[in-house]
Amino acid sequence: MPANNANWEIYVLEYARTKDQPIAALVNGTHDEGLMDTPFAFVFARNGAHNILVDTGFMREGTGAEMSERFGVPEWISPLNLLAELDVKPDDITEIFLSHAHFDHAGSVHKFPNARIFIQKSELLSWHEAMALPPQFGFLTDIINPDDLRNIFDASVEHRVTLLDGDKDNVLPGVHARFGPGHTIGQQFIILQSARGEIVVSGDCVYSSTNIAGHNHDGVYVPLNNAIGSVWDQLKTIDRINDVVEGDLSKLIILHDKDRWENLPLVKEIEGFRISRAH
């Protein structure tokens, strides 16, 4: 692909899965709907000399393994092994866009020593503030692995972190960052230009198609139940995403898609985990 072409090759890499997650813990208004088959994924995209990740997954080692066990994520494959299936080595990754700092999105950030990390300033600083609060505020940081924050700090010391302050077009050609608070204080979603138009990587701004399509597809936005920000912000963020995709959910990558990206062409399946093509 020519370096001056703003269209990206985009892949969704499924790296973990839990089949006994109560859906009521995730999506509002689903208290009687039982358990949700919940996959975990990140995105790899490439264009010319750039090999980027949107989120990184987590490593099941050290405190990452402890977080995985605590949150009941029994099925896992190394994100590095999935990238190897696309002939990508950790040193090849040039940029990482972190949607937010929860362990399942930022837990492998230290494995990519050459990558510049893009994260919203309010996302990173809010976690430092939250970690400093008394223990009775522990709900706020329940899904945060402090080691991930340390790894981002280490990258900062190496001058490899860019703190974004709200929306920014063309962070790289054809890569746009959009401020999307709600699930966390400073989450962002990423827009990638592709041959089939703009593709939105939602982070956890959207956890299920129900969040954006509504219960019974009535179009009424549904908030998450596992958020630390406001419902107001959540719904405004969902609306911003809907504006970009113009109601076409085939252009929305939901990283915890319970349907496991069935609308996307399957590239490979490794140990039951899917690599799908989104461009």
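The values are calculated or read from the model by the stated rules, or taken from the named source; none is laboratory data. What you are looking at is a predicted structure, and each value in this text was computed from that prediction instead of being measured. Note that we place each Cβ from the backbone using ideal geometry, even for glycine, and neighbour counts take in every protein chain shown.
Residues in region 225-234 that are of a type outside the set (S, T, N, Q) and either outside any helix (DSSP H, G or I) or touching a Leu at 6+ places or on another chain (Cβ under 8 Å) (or both): ALA227, ILE228, GLY229. Looking across ASP37, ASP55, ASP32, one residue alone is out of contact with any Cys (no Cβ under 9 Å at 6 or more places or on another chain) and without any contact (Cβ under 8 Å) to a residue 12 or more places away in the chain. It is ASP32. Among the residues of region 55-99, the ones that are in a loop (DSSP other than H, G, I, E, B), within 17 Å of PHE44 (Cα to Cα) and in contact with a Ser or Thr (Cβ under 8 Å, 6 or more places away or on another chain) come to 7 in all. Does THR63 meet the test of being of a type in the set (Ser, Thr, Tyr) and in contact with a helix residue (DSSP H, G or I) (Cβ under 7 Å, 6 or more places away or on another chain)? When the stated conditions are applied, THR63 passes them.
Residue by residue, here is whether (1) in contact (Cβ under 8 Å) with a residue 40 or more places away in the chain; (2) crowded, with 16+ Cβ neighbours inside 10 Å; (3) basic (Lys, Arg); (4) over 18 Å from THR38 (Cα atoms) holds:
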{"position": "ASN216", "(1), (2), (3), (4)": "no, no, no, yes"}
{"position": "PRO223", "(1), (2), (3), (4)": "yes, yes, no, no"}
{"position": "ILE254", "(1), (2), (3), (4)": "yes, yes, no, no"}
{"position": "TRP261", "(1), (2), (3), (4)": "yes, yes, no, no"}
{"position": "ARG277", "(1), (2), (3), (4)": "yes, no, yes, yes"}
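What about ALA115, is it over 20 Å from TYR207 (Cβ atoms), surrounded by 20 or more Cβ atoms within 10 Å (Cβ to Cβ) and at pLDDT 95 or above? It is true that ALA115 is over 20 Å from TYR207 (Cβ atoms), surrounded by 20 or more Cβ atoms within 10 Å (Cβ to Cβ) and at pLDDT 95 or above. Per this entry, HIS50 is counted among residues that are under 21 Å from LEU172 (Cβ atoms), touching a residue at least 40 places away in the same chain (Cβ under 8 Å), surrounded by fewer than 19 Cβ atoms within 10 Å (Cβ to Cβ) and in contact with a strand residue (DSSP E or B) (Cβ under 8 Å, 6 or more places away or on another chain). One residue stands out among those in region 245-261 that are closer than 11 Å to SER209 by Cβ and of a type in the set (Asp, Glu): the one that is farthest from the chain's Cα centre (by Cα), which is ASP259.
A single member of ILE212, ILE185 is part of a loop (DSSP other than H, G, I, E, B), over 14 Å from the mean Cα position of the chain (by Cα) and among the hydrophobic types (A, V, I, L, M, F, W, C), and it is ILE185.
Residues are listed down the side, and each one gets a yes or a no for (1) within 29 Å of LEU125 (Cβ to Cβ); (2) free of Cβ contacts under 8 Å to residues at least 12 places away in the same chain; (3) surrounded by fewer than 21 Cβ atoms within 10 Å (Cβ to Cβ); (4) out of contact with any helix residue (DSSP H, G or I) (no Cβ under 6 Å at 6 or more places or on another chain):
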| site | (1), (2), (3), (4) |
| --- | --- |
| PRO173 | yes, no, yes, yes |
| HIS183 | yes, no, no, yes |
| GLY186 | yes, no, no, no |
| SER194 | no, no, yes, yes |
| ASP204 | yes, no, no, yes |
| TYR207 | yes, no, no, yes |
| THR210 | no, no, no, yes |
| GLY229 | yes, no, yes, yes |
| ARG240 | yes, no, yes, yes |
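When only residues in region 1-42 that are in a loop (DSSP other than H, G, I, E, B) and among the polar types (S, T, N, Q) count, which is nearest to ARG277 (Cα to Cα)? If we take residues in region 1-42 being in a loop (DSSP other than H, G, I, E, B) and among the polar types (S, T, N, Q), then ASN7 is nearest to ARG277 (Cα to Cα).
Restricting attention to region 27-45, the residues that are crowded, with 18+ Cβ neighbours inside 10 Å and touching a strand residue (DSSP E or B) at 6+ places or on another chain (Cβ under 6 Å) total 9. Selection within region 126-171: residues that are free of Cβ contacts under 8 Å to residues at least 12 places away in the same chain and at positive phi. The member of this set that is surrounded by the fewest Cβ atoms within 10 Å (Cβ to Cβ) is HIS159.
Name the single residue, out of those in region 235-279 being assigned to a helix (DSSP H, G or I) and charged (D, E, K, R), that is farthest from ASP167 (Cα to Cα). Filtering region 235-279 for residues that are assigned to a helix (DSSP H, G or I) and charged (D, E, K, R), the one farthest from ASP167 (Cα to Cα) comes out as LYS251.
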